[in-house]
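Working notes, beginning with the structure itself.
We did not get these values from a lab; they are worked out from the coordinates using the rules stated. The shown structure was predicted, so the numbers you read here are calculated from the model rather than taken from an experiment. Cβ placement follows ideal geometry from the backbone for every residue including glycine, while neighbour counts extend to all protein chains displayed.
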Amino acid sequence: MALILVVDDSPTIMSATSKILITAGHEVIQAMNGDEGIAKAASEKPDLILMDVVMPGINGFQATRKITTTPETKHIPVIILTTKDQETDKVWAIRQGAKDYIVKPPSKEELLSKINSALKG
């Protein structure tokens, strides 16, 4: 399946999300903040990134913008996975380069459906 980078500072969300992905046959790598996410995107070249927004240091919007504008990583689709549920947040995420937006906690079906869509291009 796919190599997916999950960027989230919550161990609980990281564990739950990773379990869904691994059960579906994906390989998971993890980053606990935006800076680590940017670094792992560059070094590991995942097939897709799930990005939280509210994290210490640079936030998920900033990390997404960096990943989607850097030549080595701009081809990697980023899906925002956050508790922020305002329409303005969704619009801002897309402007930063995100391919999709999911509000936590996602259902297994929604998460896998959006991942599959993003991987298909």
By the Cα gyration tensor axes a ≥ b ≥ c (a/c under 1.5 gives rounded; else a/b larger than b/c gives prolate, otherwise oblate), the shape of the range 3-106 is rounded
Between T83 and E27, the FRET efficiency computed from the C-beta separation at R0 = 22 Å comes out, to the nearest 0.05, as 0.30
With only alpha-carbon atoms in the gyration tensor, what are the semi-axes of the equivalent ellipsoid for the range 71-121, in Å, largest first?
18, 16, 7
May I ask you to compute the full-extension gain from K45 to M1, defined as 0.36 nm times their residue separation minus their alpha-carbon distance, rounded to one decimal in nm?
14.4 nm
Grab the DSSP H runs of the chain that are 4 residues or longer, score each as -39,500 (n - 2.57), total them, divide by all residues and round the 222 nm result to the nearest 500 deg cm²/dmol.
-14000 deg cm²/dmol
